[in-house]
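Heads up, the thing below is written out as structure tokens.
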Amino acid sequence: MLLVVHVLLVAAAVRTPAAHAWGKEGHYMVCKIAESFLTKKASAAVKDLLPGWAGGDLAETCSWPDTQRFRYKWSSPLHFADSPGDCKFDYAKDASEHMLSLLVWLGKQGTATTGTERGTYDRSESLMFLAHFVGDVHQPLHCGHTDDLGGNTIIVHWYRRKSNLHHVWDVNVIETAMKNFYNNDVSTMIQAIQRNITDVWSNEEKQWETCRIRTKTCADKYAEESSKLACKAYEGVQQDSILKDDYFFAALPVVQKRIAQGGVRLAAILNKIFSGNSRLQSS
Ligand SMILES: *[C@@H]1O[C@H](CO)[C@@H](O)[C@H](O)[C@H]1NC(C)=O
């Protein structure tokens, strides 16, 4: 744990924190989708590591790191991988890459030993951080521009309500979709995304999982995808822009696909950690 904290502090020193993450719903969906693709072994290992309050459901814990930013100050900047705005992702500066590889490493250590009380606790937190950061790196604006804090300082109107560009991508698009299409029911939205995974995206889905780098998580690849999508998300948006249907209907498919990719990839990572199998379990 000491090594982890040390590396994270070094990583933290090069970033300045901004606000927020996928909202609660976004993280919940990523983790629910991941759960449905876990192997039996991975699923049991995950359940074992979850804190009691999770009620055996990983998805219940996936926003937890957002509540820990004051307790674990080091973790705050790691929710982001903003870049200077050239629409290219700078691998070397990315803190989340460190974070993800460390957490995977932690998972590996854990499978070899039966941890102490304290060790078990740490691995439980590691799991929750990992699930959270895999989600975050798929939110395009988490790989947005540094000078506007990933869109946080771009104040816009989401239909009639005041918001900011970052929040639009974290929360507003999902909220509006839930209200308009999914009966305000998160499981209906999850089912719709899952149908797409097994249906329209079934071919590309195999590539989403592929991560050739054995010792890492391919977080840099996911962040690069996000920063490309972020560039589009910024297009035509200025201070005080009013974003409505046009923007919503362009953003929603992107958001839904990123949630799907986050879920599929989180499952592949967890399957790899806990059952040495990076393939997905078809559900
Ligand atoms: C399903 O896929 C289609 C085609 O890519 C896309 O337009 C739509 O937004 C997707 N729906 C969901 C719920 O992911």
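The values are calculated or read from the model by the stated rules, or taken from the named source; none is laboratory data. Being a predicted model, the structure only gives us computed values, none of them experimental. Don't worry about glycine lacking a Cβ; one is built from the backbone with ideal geometry, like all the others, and counts go over all protein chains shown.
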SER227 passes all but one of the listed conditions (1) touching a strand residue (DSSP E or B) at 6+ places or on another chain (Cβ under 7 Å); (2) among the hydroxyl-bearing types (Ser, Thr, Tyr); (3) at pLDDT 95 or above; the exception is number (3)
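Considering only residues of the stretch 153-182 that are assigned to a loop (DSSP other than H, G, I, E, B) and not aliphatic (A, V, I, L, M), which is nearest to the ligand (Cβ to nearest atom)?
My answer is TYR182.
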Given (1) crowded, with 24+ Cβ neighbours inside 10 Å; (2) touching a His at 6+ places or on another chain (Cβ under 7 Å); (3) farther than 28 Å from ILE269 by Cα, GLY135 misses just (3)
Of the residues in the stretch 204-246, those that are within 16 Å of the ligand (Cβ to nearest atom) and more than 17 Å from ASP148 (Cβ to Cβ) come to GLU204, GLU205, GLN207, TRP208, GLU225, ASP245, ASP246
Listed by first then second residue, the pairs whose first member lies in the stretch 250-279 and is closer than 15 Å to VAL168 by Cβ and within 10 Å of the ligand (Cβ to nearest atom), whose partner is among the aromatic types (Phe, Trp, Tyr) and part of a helix (DSSP H, G or I), with beta carbons under 6 Å and at least 6 positions apart or on separate chains, are none
Flagged in the stretch 132-167 as hydroxyl-bearing (Ser, Thr, Tyr) and in contact with a helix residue (DSSP H, G or I) (Cβ under 9 Å, 6 or more places away or on another chain), in numbering order, are THR153, TYR159, SER163
Please work out if TRP201 is within 14 Å of the chain's Cα centre (by Cα) and within 16 Å of the ligand (Cβ to nearest atom).
no
Within the stretch 196-215, is even one residue in a helix (DSSP H, G or I), at pLDDT 95 or above and crowded, with 22+ Cβ neighbours inside 10 Å?
-> yes
Residue pairs within 8 Å by beta carbon, gap of at least six or interchain, first lying in the stretch 183-194 and more than 9 Å from the ligand (Cβ to nearest atom), second at pLDDT below 95 and in a helix (DSSP H, G or I), listed first then second, are VAL186/GLU25
